[in-house]
1. Please work out the Cα center distance from the range 74-141 to the range 17-54, rounded to the nearest Å.
2. Pull up the cross-link candidates among the aspartates and glutamates for K254, meaning alpha carbon to alpha carbon under 15 Å and not fewer than 8 places away within one chain.
3. Here are some pairs, K7/K185; K58/K95; K52/K142; K6/K128; which of them have Cα atoms lying more than 18 Å apart in this structure?
4. Can you tell me what percent of all Cα-Cα pairs in the range 80-215 are more than 28 Å apart?
5. Label 7 Å along Cα→Cβ of F250; the range 202-233 residues with amide nitrogen under 20 Å?
6. Measure off, as a whole percent, the carbon and sulfur share of the 1.4 Å-probe accessible area of the chain, all protein chains present.
7. At I153 and T53, where each label point lies 7 Å from the Cα along Cα→Cβ, what is the point-to-point distance in nanometres?
8. If I ignore ligands, DNA and RNA and count only protein heavy atoms, how much of M1 is accessible to a 1.4 Å probe, in Å² to the nearest 10?
Amino acid sequence: MKVKIKKFLKKKNKRKIVCLTSYSKSISKILDKYCDLILVGDSLANVLYGSKTTHELKLQTMINHAKSAVLGANKSLVVVDMPKNSYTTPKQAIKNAKKILRETKCDAIKIENNRHNLNVVKAFTKSKINVMGHIGYTPQFKKKFKVEGKNKIEQNNLLKNAKKIEKAGAFSIVLECIEKKTAQKITKSLKIPTIGIGSSNMCDGQILVTDDMLGLSGFYPKFVKKYANLQKTIDKAIKQFHKEVKINKFPLGKNSF
Ligand code: KIV
């Protein structure tokens, strides 16, 4: 197991783990100072490519963004999402994960878990590929958004699944939009760190889509706190540029050769 992953695992029960998404070198460079883990999330399908779902995302698109994102990261663990349909069978999953890791030099991959892909997690572990799981609301497999784990049956199923994923060898697991008490139960029951998104503060760490928390994506569900309003900041700068070009105030002599 990589030194970076060992260090990441040791953070459980010591301090909260800080994670954010990045799709490019410039963003990773800023995140690297503050984050333990940078995720090249398949949310880039929605955020960058304007797709309604993540379902059509190509493996090569993830590789291209991961190649860029990893360049800005030095100390953080960089994890790449495997797109839907790239890990349908263990054989296909291993082939694609090896390609991602070889071409991007990232540290690990993440898959969304459903009831049928535990064998894929096991296959990754057998092949010494570091894998992160993802349960709760999993956009690759769920048609409609719903908070998960609100009743006993769902809670037990999520807990059972999380334990199986841990046993299969995942080094960490994302809990997406899981009710607080269920997130707490899962976090307490696992030895591996749980990383929450919309799953309360009862997880070992937190992740958000960076474009959402910066106020850039226009997607602000309840679990997103807007730490900046970059849409407004960028709008102001572009408006000024637009004005200065029109009145011939830009470029000045100092901007010319
Ligand atoms: O794709 C993504 O950005 C993710 C996070 C929301 C966890 O999976």
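1. Each part reduced to its Cα centre gives a spacing of 16 Å.
2. E244
3. Over 18 Å apart, Cα to Cα: K7/K185.
4. Above the 28 Å cut-off, the range 80-215 has 14 percent of its Cα pairs.
5. Output list for this probe position: 229-233.
6. That share works out to 58 percent.
7. 2.4
8. 130
The values are calculated or read from the model by the stated rules, or taken from the named source; none is laboratory data. Just so you know, these numbers come straight off a predicted model, no measurement behind them. Cβ: placed from backbone, ideal geometry, glycine included. Neighbour counts: every protein chain shown. Quick note on the areas: whole protein, heavy atoms, side chains included, nothing else; ligands and nucleic acids left out. Shrake-Rupley method; radii C 1.70, N 1.55, O 1.52, S 1.80 Å.
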